[in-house]
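Notes follow once the structure below has been shown.
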Amino acid sequence: MLIITAPGQGAQTPGFLAPWLELPGVAERLGAASELAGCDLVRFGTTASADEIKDTAVAQPLLVAAAIAAASVLSGGDPGDVPADAAAGHSVGELAAGVIAGVLAADDAMRLVGVRGRAMAAAAAAEPTGMTAVLGGDQDTTLAAIARCGLTAANVNGAGQIVAAGTLAELEAFAADPPAGARLRPLQVAGAFHTRHMAPAVAALRDAAADVTAADPAMTLLSNADGAAVTTGKEWLERIVAQVAAPVRWDLCMQTMADLGVTALIELPPAGTLTGLARRALPGVAQLAIKTPEQLGAARDLISEHLAEPDAHGHGHLPEWRLIVAPASGTFRSPPGRADGATAELGAVVSRGAERAVAAPWTLRPAEIIEWLVEDGDPVSEGQPLVRVQQSKEGA
């Protein structure tokens with residue numbers, strides 16, 4: 001089983017698009033994408049400096065356009081025709097993954113990423129915030145330390161990598177009392193992405209997505225929210241919008257890849273980050289980071305060796321369960337008479353006088369509990385797994 005992945009912000013490097021522009025049709029595609037996104041992607045991908053492409057409003061459309069262009073070359077036509085069993089993207093890379101899975105038209109993806117990048121840049125400028133990578137250490141200890149300082153675990157990437165995000169004052173307090181056994185590395189980013197500080201950007205993206213038509217995925221498509229495979233275009237679009245202010249759980253995406261039996265992973269340019277994580281988290285899985293066009297032949301060989309469904313894509317590999325995560329940091333409260341059978345109520349997370357309901361994704365049938373991962377009264381961090389559920393066979 002083969003999965004195609006698209007990297008997120010931070011993967012870009014100066015000049016990484018230059019060799020791709022030598023291929024027929026790529027310059028024209030990037031020129032059209034530039035018009036839709038509102039920035040000169042050809043210049044930013046070839047001659048711009050590292051500081052210029054670090055700008056959120058530039059980096060995001062640059063990454064999505066690069067992944068879509070490479071997918072088009074790999075398929076020999078439409079990016080949605082890439083032979084694959086599954087797709088996933090890290091953060092903004094989810095938009096490219098949606099195009100590859102046939103959920104979103106490439107033009108719509110470029111319009112949305114232009115809005116997303118500009119809105120997140122504006123939200124970051126409203127208040128001094130930042131992000132710090134936490135490398136190594138025990139994951140539970142690190143998550144507890146992040147929550148204790150009022151921060152959000154904005155990226156839980158697996159392989160010993162977590163990114164804490166919040167105000168600069170909160171980050172300073174965290175640096176003064178770091179979790180045992182972990183190294184801290186402040187990131188050169190404009191703000192606290194994938195946290196509550198991005199709420200204005202969520203509203204902007206929701207408005208932009210209102211007129212977008214999203215088809216149901218033609219292959220297994222994983223979501224950063226909880227690693228689940230999304231089966232409808234409507235749900236995917238809703239998740240893409242909300243994800244701007246919610247943690248990226250790439251660790252759960254990789255866990256789902258393992259559960260699905262993925263045997264090969266290809267990362268689109270500018271590649272390297274996701275294959276690096278997979279090297280530790282998915283031992284035995286063949287990996288290829290496509291950095292230049294010279295690696296397209298190797299990518300096609302990997303596809304021919306590992307593609308499970310060469311004639312048609314479907315959802316035959318979808319796991320029947322969903323992992324429900326905390327919508328905010330706070331204290332988990334079980335519903336009255338919590339049970340291990342079918343239930344319509346999963347509980348709530350209480351914090352600072354507010355209460356956020358914890359709900360399963362199904363509305364017509366209750367959730368059947370497979371495994372509780374927390375107890376009533378436990379402190380939880382935003383994005384922390386709470387319970388594993390499946391859809392009940394009985395009506396609500």
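Here are the numbers for this structure:
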item: Placed amide H near L187: partners under 5 Å, 5+ positions off or other chain; result: M131, T132, A133
item: Solvent-accessible area, 1.4 Å probe, carbon plus sulfur percent, for the chain; result: 51 percent
item: Segment A258-R352, length gained on full extension (0.36 nm per residue, minus Cα span); result: 30.1 nm
item: Förster radius 51 Å - calculated FRET efficiency between T292 and A180 (Cβ-Cβ, nearest 0.05); result: 0.80
item: Most mobile listed residue (P385, P24, P128) in the chain, GNM with C-alpha springs under 10 Å; result: P24
item: Estimated [θ] at 222 nm from DSSP helical runs (n ≥ 4, -39500 (n - 2.57)) normalised by residues in the chain, nearest 500; result: -10500 deg cm²/dmol
item: Segment 166-315: translational diffusion in µm²/s, Stokes-Einstein, Kirkwood Rh over Cα pairs, 20 °C, 1.002 mPa s; result: 118 µm²/s
item: Interchain or long-range residues, amide H under 5 Å from Q287's placed H; result: L265
item: Nitroxide proxy distance, nm - points 7 Å out along Cα→Cβ at D216 and D78; result: 1.8 nm
item: Cut-off 13 Å between beta-carbons: net charge of the residues surrounding V103, Lys and Arg +1, Asp and Glu -1; result: -3
item: Point-to-point label distance, A173-D55, nm (Cα→Cβ direction, 7 Å offset); result: 3.4 nm
item: Probe 1.4 Å, accessible area per residue of segment 90-222, Å²; result: 38 Å²
item: Alpha carbon Rg of the chain, scaled by the compact-globule rule 2.2 N^0.38 Å; result: 0.95
item: Once exposed loop GluC sites (Glu not before Pro) are cut out (DSSP; at most 14 other Cβ, 10 Å), longest piece of the chain; result: 1-319
item: Segment 7-133: mean projected area of Cα convex hull, nm²; result: 7.8 nm²
item: Per-residue ³J(HN,Hα) for segment 216-233, Karplus 6.51 cos²θ - 1.76 cosθ + 1.60, θ = phi - 60°, Hz, x for Gly and Pro; result: 5, x, 8, 8, 4, 10, 8, 10, 5, 4, 8, x, 6, 7, 8, 10, 10, x
item: Extended-chain gain in nm, criterion 0.36 nm per residue less alpha-carbon gap, R148 and E22; result: 40.3 nm
item: Hz values of 3J(HN,Hα) by residue in segment 15-28 - Karplus curve (6.51, -1.76, 1.60), Gly and Pro given as x; result: x, 5, 8, 3, x, 6, 5, 7, 7, x, x, 5, 4, 5
item: Euclidean distance of C-alpha centroids, segment 93-124 and segment 176-232, integer Å; result: 12 Å
item: Rounded to whole Hz, the Karplus (6.51, -1.76, 1.60) HN-Hα couplings of segment 110-125, x for glycine and proline; result: 5, 5, 5, 5, x, 5, 4, x, 5, 5, 5, 5, 5, 5, 5, 7
item: R322 long-range amide H proximity, modeled H, under 5 Å; result: V389, Q390
item: Histogram of C-alpha separations across segment 140-196, 5 Å bin width, %; result: 4, 20, 36, 28, 12, 1
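The values are calculated or read from the model by the stated rules, or taken from the named source; none is laboratory data. Treat the numbers as computed from the prediction; the structure is a model and nothing was measured. Positions of Cβ are generated from backbone atoms using ideal geometry, with glycine treated the same way; all protein chains shown enter the neighbour counts. Only protein heavy atoms, including side chains, enter the accessible area calculation; ligands, DNA and RNA are left aside. Shrake-Rupley method; radii C 1.70, N 1.55, O 1.52, S 1.80 Å.
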